[in-house]
Amino acid sequence: MTGTTETPGHDISGHDIPDYPMPRAEGCPFDPPPPLRDLQAATPLTRVRLWDGSTPWLVTRYADQRAVLTDRRVSADMTHPDYPGQAERNGGTLSFIGMDDPEHARLRRMVGAAFAVKKVEALRPMVRRIVDEAVEGLLAGPKPVDLVEAFALPVPSLVICELLDVPYADHEFFQRNSSTLINRGSTPAQRGEAMGSLGEYLGRLVVAKLDHPGDDLLSRLGEKIRAGELTVEQATQMGVLLLIAGHETTANMIALSTLVLLRHPDQLALLRDSDDPAVATRAVEELLRYLNITHGGRRRFAREDMEVAGCPVRAGEGFVLPNEIANRDPGAFPDPDRLDLTREARHHVAFGFGVHQCLGQPLARLELEVVYRTLYRRLPGLRLAADLAEIPFKHDGFVYGVYELPVTW
């Protein structure tokens, strides 16, 4: 196995280089692949082979990932030929997340204020209303029910639709195209078609806001267009990014965290039975650390020669930084494979680190907190309606979760 040599970060060529991503162990759907654990223990950096035959550096340790993600010599430019992509690209990038400063910072600032902590906290009544109505729908409906379709996917979709002023009636359209974009099995043509469809859809909404603005994020992007700070295309790309990121990740987190809590009834009881809001706040952070729903590792490349953990990295060489193993690093989180809702885990890297850390993390935290404080208390007898082996996990996605979660109460 690569990475067991005495020289840290030794560049081994040939068949010894492992493929990435690596499959999870059978029967361990919540844990990182065992080879990642072995590599983390053995060496700071090691080569891995990607889908296109390229061999970037895999960075598995928590401190080293944070160092790479804050190093100005490291680039996130997805359009650059040295960028170690997760799949074949059709050109371009999804707005500012695939750019470097100063353009990344300029575009990010245009929507950043909407996700400031105080702004997001003002959304709590709206989020609580959406969650309460979704729970009422569960209680009034049949049992068993697929929690993904009936609750986990609608809740964040409704929230982001209200923020952007996107008609929720179109949710099947944008959810279907979003799923295509984040599926590893999608062809470049399929991804291109899905992105084109979402771009046309959001573009029409953005243009409409130029003449009929409201109190929503798309209208604020329209203001930037009128001021000459954004093009319609740039505003559309940002709208697509916000729509996809605003529902896909949180939906998968709601479903997957519910599943893992049902598998850990002692931890579920701690969360369900406490009136202390700090318990839910800690639970959000620990579940984000433990589950790590973004798969495939964050990607970067070196713009100049540098060292990482004492290992030489040449200009143009790529990095893969899988947060699922960094958040299980015993150097950062004692007994990391144990789910412990009393743990102080906010220093996790589930949202990334540095200038590119997730813009919407305050909103995601708020939504998860409201869900955790509402769903399990109002459905105290919530339980699985299928064996774990029967639940379809998203092993084929860049965002991990479950396709269905049959539950009853």
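Values in this text are rule-based calculations from the coordinates and carry no lab data. Computed from a prediction, not measured in an experiment: that's the story for all the values here. Don't worry about glycine lacking a Cβ; one is built from the backbone with ideal geometry, like all the others, and counts go over all protein chains shown.
Details
- Around L270: net Lys/Arg minus Asp/Glu count, Cβ-Cβ under 13 Å: -1
- Peptides ranked, highest mean first, by Cβ atoms within 10 Å: ranges 246-254, 217-225, 173-181: 246-254, 217-225, 173-181
- Amide H to amide H, with H built 1.01 Å from N, V399 comes under 5 Å of H295, counting only residues 5 or more places away or on other chains.
- Shape call, region 296-391: gyration tensor on alpha carbons, a/c limit 1.5: prolate
- Of (1) 26; (2) 17; (3) 39, the label for percent of Cα pairs over 39 Å apart derived from the coordinates: (2)
- Remark: the chain carries a charge dipole of roughly 620 debye about the Cα centre, counting +1 on each Lys and Arg Cβ and -1 on each Asp and Glu Cβ.
- Annotation for D132 and A116: the two label points, set 7 Å from Cα along the Cα-Cβ direction, are 2.8 nm apart.
- Helical mean residue ellipticity (222 nm; -39500 (n - 2.57) per DSSP H run of 4+; nearest 500) of the chain: -14000 deg cm²/dmol
- Counting charges near L287 (Lys, Arg +1; Asp, Glu -1) among other residues having Cβ under 15 Å from its Cβ returns a value of 0.
- Extension gain, A208-W51: 0.36 nm per intervening residue step, less the Cα-Cα distance, totals 52.5 nm.
- Each label point was placed 7 Å from the Cα along the Cα-to-Cβ direction; for A315 and E26 their separation is 4.9 nm.
- Virtual spin-label span in nm between A42 and D276, 7 Å along Cα→Cβ: 4.3
- Seen through its C-alpha gyration tensor, with square-root eigenvalues sorted a ≥ b ≥ c, region 243-287 comes out oblate because a/c lies at 1.5 or above while a/b is not bigger than b/c.
- Centre-to-centre, using Cα atoms only, region 134-148 and region 343-386 are separated by 20 Å.
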